[in-house]
Amino acid sequence: MSAYDEVEIEDMEWNEELQAFTYPCPCGDLFQITRDDLRAGEEIASCPSCSLFITVIYNPEDFADPPDPKKSQPQPVLVA
Amino acid sequence: MQPSLQRRRFISGGKLSMEGDFLEEKAAVAMGEEDRYDEEVRAWSWGAASDGQLGTGTLEDQLFPQPLLNFPPLSSAAAARRIAQIACGGAHSIALTGDGRALTWGRGTCGQLGHQELSNCLLPKPVKFLESFTITYVSAGWNHSGFVTDTGQLFMCGDGSFGQLGNGDHQSHGSPVEVLFFSSKHVEQIACGMRHSLALVSDAGSSGSSIYGFGSGRHGQIGMFESGTQRSHNFPKVIEGFENCEVVSIYANGDHSAALSADGRLYIWGRRFSGRSDDHTPQISPSPSRITQVALGWNHALVLTDNELYMFGGYRHGMLSGSPQMSPMQQTLVPCAQARTLERVPCLDENVVRIAAGAEHSALITEKGTIMTWGWGEHGQLGLGNTYDQTCPQRVNIDYKGSSASAQLGIYCGSGFTIVAKVD
């Protein structure tokens, strides 16, 4: 089965309750994909109520892990 | 949506039983009280029921037509028991009665039911806020609703996050709010899509009509080009191209918009249909003859002419709404370069009088009262007793026991569900 549609991430809405980006599914429910999914490179958003899914078009760099603040901060210098 | 079913059932049930003026639930159960109401069934619903959009009290998908009992609810006036129009959205429905009252049911989590609360409602319930107005036209979008009064005022409620309520902000409202932009104008119709709205305004002293668009314009659905950063308009803006045109009907579904002129021409704009680019300005759709009715899905459209039913789009999602058996009919009367291909809908041997389109399914009624459906069937929205997709219109059997033979049937599709009603 192929994707029902291709949707740009800009067309998806962030849903606080579901903690996911969502887009309307023709069944009445919502296609959903989490930030972690996107960070992992996942591009399929599925609907919990039916068999349909969509392909999400996004730039993976926008969801890449932010640089670890501990590493970027200057380390305290140990003094004897 | 499974985890929240129990919670929703509890909330809706609690509210229903607490409100003394809302007797449908009791009436449906206590069928013995014939003297309190008549038993004539005036509407049937089937398909997806995740949010109570079928109006029968169920949260489970229904594969066969189910009667709406005691609908519209008991009232002393005969006009209050007539159904004038039904509008179905993403997962909610609006019924307009003969005396201009609005009832809503289904998903209410964005305020789209207008009940001043953000909860689902499993049975039709009057919109109290509008009781002092006479409503003449209603429309249901994905998560928002529009109500037009006999004096040309427009009220809207529900999701406003794309500016689709038209009051200059992105607020959502659980109670209908008047769109003040139109306070000195006369609104005739409202059409609510997924994230946008269209309003048809009659111009006194002019032969033309005005159509205003507001909400998301990402795919051209409000009839204007988006500027780099502005992707929605939260204030109504006139759509150019209808200055000398008398528009009789406007339509919105998904990211599509359409208008039908008095002389039977169809203008269409918004998100691309199969293989096309988005249209940011209204385009005249080719047609072999005068168009009388239109229905928009999310990826297809139905076009009824004086004697044929056509469909375009639909191939894009294969089985969902298109038919490989259809023979494409090339058009020669094409005023624009980007021609759409109309396909004649097959398997019809009776004249079609009413059409409707859900997100990915289609429905019609013939002059003999035959109800037919086709397209996506996963949630039972075709009413055929199964969850199969259909590429040709299939006959739906409804038990008309107690029906008056003279009643006209209307057919209405929400995203994943269907309603048939006797209308006057």
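The values are calculated or read from the model by the stated rules, or taken from the named source; none is laboratory data. Source: prediction; values computed, not measured. Counting neighbours? That spans all protein chains shown, and the Cβs are built from the backbone with ideal geometry, glycine included.
Computed values, structure above
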item: Residue count for the range A:2-21, restricted to those that are in contact with a strand residue (DSSP E or B) (Cβ under 8 Å, 6 or more places away or on another chain), within 11 Å of chain B (Cβ to nearest Cβ) and in a loop (DSSP other than H, G, I, E, B); result: 3
item: Those residues of the range B:189-208 which are more than 24 Å from B:ILE86 (Cβ to Cβ) and either without any contact (Cβ under 8 Å) to a residue 12 or more places away in the chain or in a strand (DSSP E or B) (or both), in sequence order; result: B:ASP203, B:GLY205, B:SER206
item: Any hit, the range A:22-32, residues being away from chain B (no Cβ under 11 Å) and assigned to a loop (DSSP other than H, G, I, E, B); result: no
item: Enumeration of residues in the range A:16-36 that are within 10 Å of the chain's Cα centre (by Cα) and small (Gly, Ala, Ser); result: A:ALA20
item: Scope the range B:88-114; condition away from chain A (no Cβ under 14 Å), assigned to a loop (DSSP other than H, G, I, E, B) and surrounded by fewer than 24 Cβ atoms within 10 Å (Cβ to Cβ); matching residues; result: B:GLY98, B:ASP99, B:GLY100, B:ARG101
item: Residues located in the range B:296-342, provided they are modelled with pLDDT of 75 or more and either outside any strand (DSSP E or B) or in contact with a helix residue (DSSP H, G or I) (Cβ under 9 Å, 6 or more places away or on another chain) (or both); result: B:GLY297, B:TRP298, B:ASN299, B:HIS300, B:ASP306, B:ASN307, B:GLU308, B:THR341
item: Given (1) buried (at least 19 other Cβ atoms within 10 Å of the Cβ); (2) on the phi > 0 side of the Ramachandran plot; (3) not aliphatic (A, V, I, L, M), number of the condition B:PRO176 does not satisfy; result: (2)
item: Given (1) away from chain A (no Cβ under 14 Å); (2) outside any loop (DSSP other than H, G, I, E, B); (3) of a type in the set (Phe, Trp, Tyr); (4) surrounded by 21 or more Cβ atoms within 10 Å (Cβ to Cβ), index of the condition B:PHE64 fails; result: (4)
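Here's the yes/no breakdown for (1) modelled with pLDDT under 95; (2) touching a helix residue (DSSP H, G or I) at 6+ places or on another chain (Cβ under 8 Å):
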{"residue": "B:CYS121", "(1), (2)": "no, yes"}
{"residue": "B:VAL138", "(1), (2)": "no, no"}
{"residue": "B:GLY146", "(1), (2)": "no, no"}
{"residue": "B:GLU226", "(1), (2)": "yes, no"}
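Condition check ((1) touching a helix residue (DSSP H, G or I) at 6+ places or on another chain (Cβ under 7 Å); (2) assigned to a loop (DSSP other than H, G, I, E, B); (3) under 17 Å from B:THR149 (Cα atoms)) across all residues:
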| position | (1), (2), (3) |
| --- | --- |
| B:VAL187 | no, no, yes |
| B:ILE222 | no, yes, no |
| B:PHE235 | yes, no, no |
| B:PHE242 | no, yes, no |
